[in-house]
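J.: Just dropping this structure here.
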Amino acid sequence: MATEAPVLLWFRRDLRLADHSALAAALATGRPVVPVFILDEALEGRAPGGASLWWLDKSLRRLGESIAARGGRLILRRGPAERVLRDLANETGADRIFLSRLFEPVAAARDRDLAHALKAEGVEVKGYNGTLLTPPGTVRTGSGGPYKVFTPFLRALLAATTPPPTLPDSAGATFAGAGVASDDLERWGLHPTAPDWSGGFDWTPGEAGALEALRRFTAGPLADYARLRDLPGKAGTSRLSPHLHWGEISPWRAVQAAREAGEAGKVSAAKADKFIAEIGWREFSAHLLAEFPHITAEAFRPEYDAMPWREDPAGLRAWQKGQTGYPVVDAGMRQLWATGWMHNRVRMIVASFLVKHLLIDWRHGEAWFHDTLVDADTAANVQNWQWVAGSGADAAPYFRIFNPITQGQKFDPDGRYVRRWVPELARLGDRWLHAPWTAPPEVLRDAGVRLGSSYPRPIVEHEIGRKRALEALKTIGETRAAGQDA
C-alpha cells in the first residue's frame, strides 16, 4: 500500500479508461487511485435485467484487465454502496471518492444522500458527467422550462453544448488496490446458468469492443445510415447502444466520430447528422426522466392513465415468445431473446402490436425489454414505450397504429429478416411471407407451413385490433381519433 493516502474511483456505468472525467480528476490529485465497482442492485431503483447482467459480467472482466495492465486491480464489492464505500475509506485511508454521476431520479437522490453522509465522516465525494453530452437541466426553453418536444430540444442541445476538453491519456495512471480485499466476479453469478440462454449473444463487451464497433460503423454503414437504419435485414445500424449504456464509450466520442467522417468527406453532413440525432434522442430521454420522474410508472400525459388496458396473460406470453402469428413481430421477439437486442424499427412494430393490437399495458412491455435487452436503459426504454403508446412526450400522432403486415412488406421486402428468425416460414414466397394466412393452401403445403401447427394463426385480426385500439383511445377523451395505418 502506498504511504500517501489513495483516492477511490467508483465505477458505475462508465466502464472505460478513455474520455473519463472522474478518472482524470482522480489522477490529477497525484495520489494512487483505487478503482472499485460496487454491485448495488438497489442503487438505481430497480435491479438490472438478466441480459444487462450478462453484459456487465463481460465488461467488468475487460475493465479489470485494462486496469491490471496499468499495475492496478479493480476492486469488486457487493452490497449497499454507502456501506461499502465507508468500509473502503476506512480500509484504505481514502478521504476522497471520484465518480461519474447517474441522472435517473432514484440514483441521483441516493448519490446526494450518500455524499452528505460521507462528508459528515470526513470523506468528500466529487461527481462528474461521464454518461451524457450534457447533464439534465442544462438545456432549457426560452421560458426556463424543460423541453417536451424533441426537435427543438435537439437544436438547443447541439447549440448549447461543446465537446469536453481533451483529457490526459490514462496510460500513465498509477492505480492501487493490490492489498484491498475484493470479491470474486465468478461468485457473483452474473453469467446465466441452468440454463445458459446467452449462447446466441454475438457481442464484444468492453471499451475495445465499443471502439471497434464505432470504427466499423463510421467506415461503412454510416454512409447510408438514413436508409439502412430502417431495414432490419441489413447491417445498417451502429449497435453502439449497449456500449453507450454501460459507458464503455462516451457519447461525445460517437458524435465526434460522425462529425469527423462528415468533415473528411466520407459521408454527407446530413447522414452524419441523422446518426447524431439518434444520440440526441437518447439524451432527450435522459433529460425527460430527470425532469419528470413519475414517467417510469405513470403516463407522461396523465389522461392516458385512464387507458382501458386489457388483462391478457396468454396474449402477453405469445408476444414474448414470438408466437403472435405476425411474422415481423415474431421475428423481432425471437431476435431479442436470442441475441439480447432488437432492431430499432422492429422495436416500434412489436411495441405497437402489444399496446395497440392487444391493448396490453405498455409497462408489461417495458419490463420485458428491461430484462431481455443488453442495452436496457431505463430512460430510453420508458420514453420509447410511452412514445409508441401515445402517452409520452412528442408522441404525435398518438393514434398511429403500425400495421404489422405492411410494416414487414415495407421494411423487410425480401424477407431476409423474417426468414432468419422465423425459419418455419423460410420457404414461403415474398408475396405471402408477411401474411401467411392469406396464402393458398397449395402454397402453404409446398412451403411446409401448417397454420395453427408449425406456425400460429394471428392471435388477433389486424382490423379488429385496430378498431379496438381506436375505441379505447376515444374513451380517454381523444376525439381526434380518425385513425390511420402506418
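Please treat every number below as a calculation from the coordinates, not as lab data. It should be emphasised that the depicted structure is a prediction, and the values quoted were computed from it without experimental measurement. All Cβ positions, glycine included, derive from the backbone under ideal geometry; neighbour counts span all protein chains shown.
J.: Relative contact order for region 173-283: what is it in percent, counting Cα pairs under 8 Å that are at least 6 residues apart?
T.: 23
J.: Take the alpha carbon atoms of region 120-166, find their center, do the same for region 345-365, and report the distance between the two centers in whole angstrom.
T.: Value for the Cα centre distance between the two parts: 31 Å.
J.: Could you compute Rg(Cα) / (2.2 N^0.38 Å) for region 7-130, with N its residue count?
T.: Compared with the compact-globule rule of thumb, region 7-130 sits at 1.00.
J.: Given the C-alpha atoms of the chain, compute the convex hull and give its volume per residue in Å³.
T.: Details: hull volume 75.7 nm³, N = 486.
With only Cα atoms used, the chain gives 156 Å³ per residue.
J.: Return the subset of K234/K274; K58/K266; K234/K271; K274/K410; K321/K356 for which the Cα-Cα distance in this structure is over 23 Å, preserving the input order. The partial results should precede the final answer.
T.: Working: K234/K274 17 Å; K58/K266 33 Å; K234/K271 17 Å; K274/K410 20 Å; K321/K356 18 Å.
As for pairs spanning more than 23 Å Cα to Cα, those are K58/K266.
J.: What percent do you get for the relative contact order of region 388-470 when only Cα pairs under 8 Å and 6+ apart count? It would help to have the intermediate numbers written out before the result.
T.: On the way: 51 pairs, mean separation 18.3, N = 83.
Once normalised by length, the contact order is 22 percent.
J.: Where does each of I279, I405, I75 land when they are ranked from fewest to most other beta-carbon atoms within 10 angstrom?
T.: I405, I279, I75
J.: Among W319, W188, W337, which comes first, second and so on when ranked by fewest other beta-carbon atoms within 10 Å?
T.: W188, W337, W319
J.: Still on this structure, please answer the following. Hey, what number do you get for the chain at 222 nm if only DSSP H runs of n ≥ 4 count, each worth -39500 (n - 2.57), divided across all residues, to the nearest 500?
T.: Calculated at 222 nm, the ellipticity per residue is -13500 deg cm²/dmol.
J.: Going by amide H atoms built from the backbone, whose H comes under 5 Å of the H on V125, apart from near neighbours?
T.: Placed amide hydrogens put I97 under 5 Å from V125.
J.: Okay, next question. Output ³J(HN,Hα) for region 118-126: one whole-Hz value per residue in order, computed from phi by the Karplus curve 6.51 cos²θ - 1.76 cosθ + 1.60 with θ = phi - 60°, and x for Gly and Pro.
T.: Result, rounded to whole Hz: 6, 4, 5, 9, x, 10, 8, 10, 10.
J.: Relative contact order, percent, of the chain when contacts are C-alpha pairs under 8 Å separated by at least 6 residues?
T.: 17
J.: Turning to a different aspect of this structure: Skipping prolines and chain starts, which residues have an amide H placed within reach, meaning under 5 Å, of the one on E41, given they are 5 or more residues away or on another chain?
T.: Amide H neighbours of E41, under 5 Å, 5+ apart: G79.
J.: Give the order of F217, F353, F399 when sorted by the count of other beta carbons within 10 angstrom, beginning with the fewest.
T.: So the residues, fewest neighbours to most, are F399, F217, F353.
J.: Moving on to the next point. Please report how far the C-alpha centroid of region 196-263 lies from that of region 9-73, rounded to the nearest whole angstrom.
T.: About 21 Å separates the Cα centre of region 196-263 from the one of region 9-73.
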